[in-house]
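Novice: Before I ask anything, let me first share the structure, which is written out below as structure tokens.
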């Protein structure tokens with residue numbers, strides 16, 4: 001496999017970076033000696049990752065620069081607020097043959113090119129926290145200079161953490177609102193369901209197990225039947241029955257509209273986060 005001969009460096013050592021390289025190792029797409037991780041100053045975090053995964057680590061300037069320069073793929077995984085400083089340090093080290101995969105929320109391809117003062121092929125992406133178990137729903141956009149081979153390479157990397165969906169870049173904010181932040185919406189609903197079960201006399205363990213299986217079963221029904229969720233909902237909502245009464249209660253609080261507003265609010269915040277990153281003129 002071509003990918004086995006490549007070297008990949010993660011700039012930023014947070015949970016998304018860890019989720020990606022953990023899955024790359026598990027799926028044996030890269031030898032561990034070809035995976036390196038750097039950050040600004042948290043040596044304790046790097047030591048932890050080295051112990052867990054045996055990846056190469058460094059936040060020492062010289063050795064970090066060497067890891068970056070020797071890599072074929074650079075994964076930008078720093079926080080948006082740290083992007084300007086990190087990109088300023090990165091700019092003189094990169095060459096335009098390197099593929100850059102960005103998981104920095106809200107940061108556009110144009111801004112990345114401007115910050116790096118380069119024309120590298122850019123893969124802008126937004127995974128979610130389910131990456132760590134290989135079940136992410138990941139939106140991806142490519143810069144115009146990413147060729148077919150580079151696209152396939154990036155997709156192979158990102159498919160390791162779940163499913164991928166290639167979209168125009170101007171749709172990535174709504175992808176962030178939908179699937180990037182999406183797991184939290186379901187956790188929020190599960191919290192409420194568990195609390196309702198406990199209030200009704202179940203133990204917390206009982207309420208939790210019933211809630212987990214219900215959510216899992218509903219997701220599998222949509223996936224296995226390929227039916228629209230609205231149609232599945234209608235099928236289980238018998239006139240005058242318990243489910244109908246529950247849906248009426250949800251509608252009375254405009255839950256349907258609230259969820260749409262939540263997705264749009266997250267998308268708006270994603271765009272705002274990207275716009276906060278300063279660009280130093282060339």
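Novice: Which residues, counting only those in segment 7-48, are farther than 14 Å from residue 158 by Cβ, in contact (Cβ under 8 Å) with a residue 60 or more places away in the chain and not in a helix (DSSP H, G or I)?
Specialist: 7, 9, 11, 12, 13, 14 - these are the residues of segment 7-48 that are farther than 14 Å from residue 158 by Cβ, in contact (Cβ under 8 Å) with a residue 60 or more places away in the chain and not in a helix (DSSP H, G or I).
Novice: For segment 185-192, indicate whether the set of residues that are in a helix (DSSP H, G or I), within 30 Å of residue 108 (Cβ to Cβ) and touching a residue at least 60 places away in the same chain (Cβ under 8 Å) is non-empty.
Specialist: yes
Novice: In addition: For segment 99-119, what are the residues that are in contact with a strand residue (DSSP E or B) (Cβ under 8 Å, 6 or more places away or on another chain) and either within 18 Å of residue 13 (Cα to Cα) or surrounded by 19 or more Cβ atoms within 10 Å (Cβ to Cβ) (or both)?
Specialist: 99, 100, 101, 102, 103, 104, 105, 107, 108, 109, 112, 116
Novice: Out of the residues in segment 193-202 meeting the condition of being in a helix (DSSP H, G or I) and more than 29 Å from the chain's Cα centre (by Cα), tell me which one is surrounded by the most Cβ atoms within 10 Å (Cβ to Cβ).
Specialist: Across segment 193-202, the extreme among qualifying residues is 197.
Novice: Of all residues in segment 49-67, which are part of a loop (DSSP other than H, G, I, E, B) and touching a residue at least 12 places away in the same chain (Cβ under 8 Å)?
Specialist: 54, 55, 59
Novice: Given 58, 71, 36, which one is modelled with pLDDT under 90 and touching a strand residue (DSSP E or B) at 6+ places or on another chain (Cβ under 7 Å)?
Specialist: Result of the check over 58, 71, 36: 58.
The values are calculated or read from the model by the stated rules, or taken from the named source; none is laboratory data. Keep in mind that what you see is a predicted model, and the values were worked out from it rather than measured. All Cβ positions, even for glycine, are placed from backbone atoms using ideal geometry, and neighbour counts span all protein chains on display.
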